[in-house]
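Bear in mind that the values in this text are calculations on the coordinates, not laboratory data. The shown structure was predicted, so the numbers you read here are calculated from the model rather than taken from an experiment. Note: ideal-geometry Cβ built from the backbone for every residue, glycine included; neighbour counts use all protein chains shown.
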Ligand code: G3H
Ligand code: 13P
Ligand code: ZN
């Protein structure tokens, strides 16, 4: 059966590594991720956004994840990414998810606490764990476009009260990561506020921290896309050494979506350049799925450090 993230986070915290939380939208993505995790013997979080639920439908996604479970004996958690309100969280809790995120980060501190606590009370009564968020990331967060100027780092002074009064099981923070494939301006030196992470870690001993917007935007896939008719100039992600450093600290969950999208698109574009006459989806989705698998293996072993755990 699906597991919650409780045990995996405890082991990740103690072991100085992080669990990959990969966004899934269709069968090929689920398969590519699962095959990689199986070969690397790594625990997994498969996460679904509101947009993914709208695109693929709840039942298709939960059954795809069920199939992934049957294909491996790894611990797998199914998580709602960026739940916007109580209703979507309840719907996922009732519908078989083992973890939900309630993203109240754009509300006032007080309203965020109130909303998060309501979700936690319901989730915990059903054995489901909850991720909350404090601070705002820059970039595209679901349908809301938070401009870089409005991005605000998590205030360490708020974390103890937030965690204590809501009862959340993990906390997403903003330390300079952002959603999407354009995380820094060209010429800008990528930077994360490790000082904030450190202070949060000191204030919340042994408490699992989550990093959103943590794709590396791996140049290999961007180059393949651009060489094959794409146009992703100046795509820049979070350097891998920074993610490794965060994983050694309190960060137990690292969210990855953009890197999957880039790998999949690279596989498809490359295939069509070589075979403009192909029109069987199995032909172009096979190399696309293989790139997802290759990418996820790389993450598990070289960035997250959760292989063999
Ligand atoms: O946080 C955003 C994730 O990458 C999900 O994106 O809402 O387009 O599915 P989405
Ligand atoms: P990326 O866009 O960096 O992959 O972030 C994904 C994410 O945070 C999903 O919640
Ligand atoms: Zn996110």
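Observations
- Peptide packing: for 9-17, 177-185, the average count of neighbouring Cβ atoms within 10 Å per residue gives the ranking 177-185, 9-17, highest mean first.
- Hydrodynamic radius by Kirkwood, which averages 1/r over all alpha carbon pairs of the chain, in angstrom: 19.4 Å
- Spin-label pair residue 164/residue 248, simplified geometry with 7 Å Cα→Cβ offset, distance in nm: 3.2 nm
- Between residue 185 and residue 199, full extension at 0.36 nm per residue minus the direct alpha carbon distance yields a gain of 2.3 nm.
- Helix 258-274 axis, angle to the chain major axis (alpha carbon atoms, nearest 10°): 10 degrees
- Virtual spin-label span in nm between residue 206 and residue 223, 7 Å along Cα→Cβ: 4.6 nm
- Here segment 1-73 is treated as an ellipsoid with the same Cα gyration tensor; its semi-axes, largest first and in whole Å, are 22, 14, 11.
- Using a simple spin-label model with pseudo-atoms 7 Å out from Cα toward Cβ, residue 283 and residue 58 lie 3.9 nm apart.
- Of all DSSP beta bridges confined to the chain, the antiparallel ones make up roughly 10%.
- Descending by average beta-carbon neighbour count within 10 Å, the peptides 252-264, 118-130, 268-280 line up as 252-264, 118-130, 268-280, the highest first.
- Relative packing of peptides 22-31, 63-72 - highest average C-beta neighbours within 10 Å first: 22-31, 63-72
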